[in-house]
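Computed from the coordinates by the stated procedures, all read-outs in this text should not be read as laboratory data. Keep in mind that what you see is a predicted model, and the values were worked out from it rather than measured. A quick note on method: Cβ atoms are made from the backbone with ideal geometry, for glycine too, and the neighbour counts reach across all protein chains shown.
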Number of protein chains: 2
Amino acid sequence: MKNYVNWAILAPGRIANAMATAMNGIKNGKLPNISGDKIRLYAVASRNLERAKEFADKWHFEKAYGSYEELYNDPEVDAVYIANPHAFHLDSVLGCLKSGKHVLCEKPAGCSRDQLNKMTSLAREKNLFFMEAMWTAFNPCIREIKKEISAGTIGNIINIDSRFCNRNPYDPNDRNYDPRQAGGALLDLGIYNIYFAMMLADFSPITAESSAVRMLKGVDAWNSVNLTFENGIVTSFQDAMDVPSTTGTHDAVIYGTKGFITVENFFMATKADVHVYKNIWGSENEVIREIREPFAVNGYEYECAHATEFILTGRTESDVHTFKKSEDLIDTMDALRRDWGMKYPWE
Amino acid sequence: MKNYVNWAILAPGRIANAMATAMNGIKNGKLPNISGDKIRLYAVASRNLERAKEFADKWHFEKAYGSYEELYNDPEVDAVYIANPHAFHLDSVLGCLKSGKHVLCEKPAGCSRDQLNKMTSLAREKNLFFMEAMWTAFNPCIREIKKEISAGTIGNIINIDSRFCNRNPYDPNDRNYDPRQAGGALLDLGIYNIYFAMMLADFSPITAESSAVRMLKGVDAWNSVNLTFENGIVTSFQDAMDVPSTTGTHDAVIYGTKGFITVENFFMATKADVHVYKNIWGSENEVIREIREPFAVNGYEYECAHATEFILTGRTESDVHTFKKSEDLIDTMDALRRDWGMKYPWE
């Protein structure tokens, strides 16, 4: 048995560059708990061979393919990081799994529970590793935040506020505005708000409701959503693709009975401050801990290391971002879309 | 016909002190558009005569009554400012109107549309002035904000965010925690969030939904609400009586397509900053106007002057905070309570 994973990247776009940066970081020994020789930067596949070659040269991958099929058919590929837009994940994930490749698929893995089920079923059937690349599940800063909450520092969590709003000026060629590519704010940005709350509320079953989605060009441009967890925690969040956050950052606040935690850019958190109230009215507070967890590389290295470790030890489902968590996540988004009467063109 | 109004205050508590401060300010010529001799600080009524006397002495009212009935029966009283907790408004408003007094009643006037209807019907029948004392309707800073919005400075309004959260530690004697006194966050604090959005969205009909109310001791302790207006504007707000805002302030943000307006302590606004985006992504902005509208006294003087002017000119319904607006406001709160399955003990 090999003691390294031959990684391939499918669709060398923006997010693939981020992952390639992380993979090169691991390769160069940036993560203490995984040695660089555990991963081999093996292949890149694009529908455009020139693009694949350029990416492979830039990030030190050995091979470049001008079609996904060539990647599927190369027996040397152990695992594939799938980085195309989410509307194409189903085809790519099934293609990889059918060819016996382990899969790390960008979030959301499926655009619906139905799509996700097809992926997890085939992964189980083929006994292959499959994981949605939900990088925040492995974020060191969020792990520290969870420790503070478990220690009771801010009391019982009452609610979680977060906002992930960007402004992308309308462009008919932008996938965000294309219903055929499952564009919209929810699957792209809202997913982070949902997952953040789910991590902190420990994934209890939830209800998800929203009354303020705004449709634009057939996609959801803006959402304001409340989620209720079984343990009484609620989260209120907004996500948008046509209006920015005022601050230009994407911050979250976790409110507890004894204090609160502010998280800067929560979807790529490296900084959080733990505040406790100084009086019973909570009108004054003090910061009792500044959590600072800079990334070893750029934040994508943790999920890649996790997947690599699981693949090398023959485990097929993550114990951190489990199938169940992917299911809870897409179920929440499916439920919201049902409320909005929003369907993708193929549904 | 008298050219002044003999004002009385019913229930000399905290909010009555605020109004008495404002009335004294008008009396002393603090508002340029109303002369001090238009109002006479005539009487105060409490169920406790000593309390009424003390208040009358402090704020220069001429008479003090140890019962509301004495106030109703004094033919010299022209208008009454009703300042008791809202669960008692119905009795007090009807008592005043039956006795031929004009009424300015603290918000919310009725705890339900049914209660409000009884008040407006009797006011119409008796041809008396009646207004819910929704002070923010007369707030000079909010009026300036509306001008900026009408001028198109921030483009089309997309959404309005606000948060009015206080922490009142549990006290069984606190009216906020008493369902029999219609305690809870919505009628006390949420009402400001709703009205703020209604003012800016020009009172189009709305839908009101929430999935994250938390009940505590039989009252709504925390709400997260989305309102949708016919013109597409949405507002998302939170109000709470058991968890503070992180900042200790109660700020609102009005997001538009070209910029946004931040409002400090929106329920008593005197400061707002108008920001416009400096690029198409909205990632940078500049403040193009700092609205600064300090109160002449404490903010309560504007609604009092308005009521005084209307009473003196024989008009019975405000053209600023109309019956319709009070109705829209309570209808919204009734709809939310219905969603929550929340009834007051007398319902």
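Tabulated values for the structure
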| read-out | value |
| --- | --- |
| Top of B:Ile142, B:Ile330, B:Ile157 by mean-square fluctuation, Gaussian network on chain B, Cα under 10 Å | B:Ile157 |
| Inter-part distance where the range A:125-169 and the range B:45-62 are each reduced to a Cα centre, Å | 57 |
| Mean projected area in nm² (Cα convex hull; one quarter of hull surface) for the range A:282-329 | 6.3 |
| Mean Cα-pair separation over length for the range A:137-291, i.e. relative contact order, pairs under 8 Å, 6 or more apart, % | 29 |
| Choice from A:Ala109, A:Ala221, A:Ala335 with maximal GNM fluctuation in chain A (Cα, 10 Å cutoff) | A:Ala335 |
| Per-pair calculated FRET efficiency, R0 = 56 Å: A:Glu284 and B:Asn127 via Cβ, rounded to 0.05 | 0.65 |
| For the range A:235-347: Kirkwood Rh in Å [reciprocal of mean 1/r, alpha carbons] | 17.9 |
| Most positive-pole-ward Cα, B:Tyr255, B:Leu216, A:Gln181, against dipole of the protein assembly as shown from beta carbon charges | B:Tyr255 |
| Nearest 10 degrees, 0 to 90: helix B:113-126 Cα axis against chain B principal axis | 50 |
| Cβ-based exposure ranking for A:Thr207, B:Thr136, B:Thr235, A:Thr313, in which fewest neighbours within 10 Å come first | A:Thr313, A:Thr207, B:Thr136, B:Thr235 |
| Two-decimal ratio, the range A:201-248, of alpha-carbon radius of gyration to 2.2 N^0.38 Å | 1.35 |
| Relative contact order [Cα under 8 Å, 6+ residues apart], the range B:71-156, whole percent | 25 |
| Centroid-to-centroid separation of the range B:287-319 and the range A:323-347 [C-alpha atoms, Å] | 49 |
| Given charges at beta-carbon only (K, R positive; D, E negative), |dipole| of the range B:217-268 in Debye | 100 |
| Cα pair distances of chain A binned at 10 Å [whole percent] | 5, 24, 33, 25, 10, 2, 0 |
| All Cα pairs of the protein assembly as shown, percent lying beyond 34 Å | 52 |
| Among A:Tyr344, A:Ile158, A:Asn33 the positive-end extreme of the charge dipole of chain A (Cβ point charges) | A:Asn33 |
| Pairwise FRET efficiency - B:Lys146 versus B:Glu76, Cβ, R0 = 35 Å, nearest 0.05 | 0.35 |
| Across the identical copies, how the A:Asn127 labels are spaced - nm, sorted shortest first, 7 Å along Cα→Cβ | 9.4 |
| The range B:206-347 - percent relative contact order, Cα under 8 Å, separation 6 or more | 14 |
| Cross-link pairs beyond the 25 Å C-alpha cut-off, checked among A:Lys53/A:Lys118; B:Lys147/B:Lys325; B:Lys27/B:Lys53; A:Lys118/A:Lys343 | A:Lys53/A:Lys118 |
| Listed residues B:Ala18, B:Leu90, B:Ala64: farthest to the positive end of the dipole of the range B:1-104 (Cβ charges) | B:Ala18 |
| Percent of beta bridges antiparallel (DSSP, chain B, rounded to nearest 5) | 55 |
| Once the Cα gyration tensor of the range B:1-116 is diagonalised, semi-axes √(5λ) in Å | 21, 16, 14 |
| Under DSSP loop assignment and at most 15 Cβ neighbours within 10 Å, longest chymotrypsin sites (Phe, Trp or Tyr not before Pro)-free interval of chain B | B:1-169 |
| Principal-axis tilt of helix A:323-340 within chain A, Cα atoms, nearest 10 degrees | 70 |
| Unit charges on C-beta of K, R, D, E only; dipole of the protein assembly as shown, Debye | 160 |
| At 7 Å out from Cα toward Cβ: B:Lys324 inter-copy label distances (nm, ascending) | 5.5 |
| GNM flexibility winner over chain B from B:Ser211, B:Ser46, B:Ser99 (Cα, springs under 10 Å) | B:Ser211 |
| Whichever lysines have a C-alpha closer than 23 Å to that of A:Lys30, once near sequence neighbours (fewer than 8 apart) are set aside | A:Lys2, A:Lys38, A:Lys58, A:Lys271 |
| Prolate/oblate/rounded call for the range A:81-156, Cα gyration tensor, a/c under 1.5 rounded | prolate |
| Degrees separating the helix A:89-98 axis from the principal Cα axis of chain A, which is the longest one | 50 |
| Charge dipole magnitude, Cβ of K and R +1, D and E -1 - chain B, Cα centre, debye nearest 20 | 360 |
| With eigenvalues of the C-alpha gyration tensor scaled by 5 and rooted, the range A:130-214, Å | 30, 15, 12 |
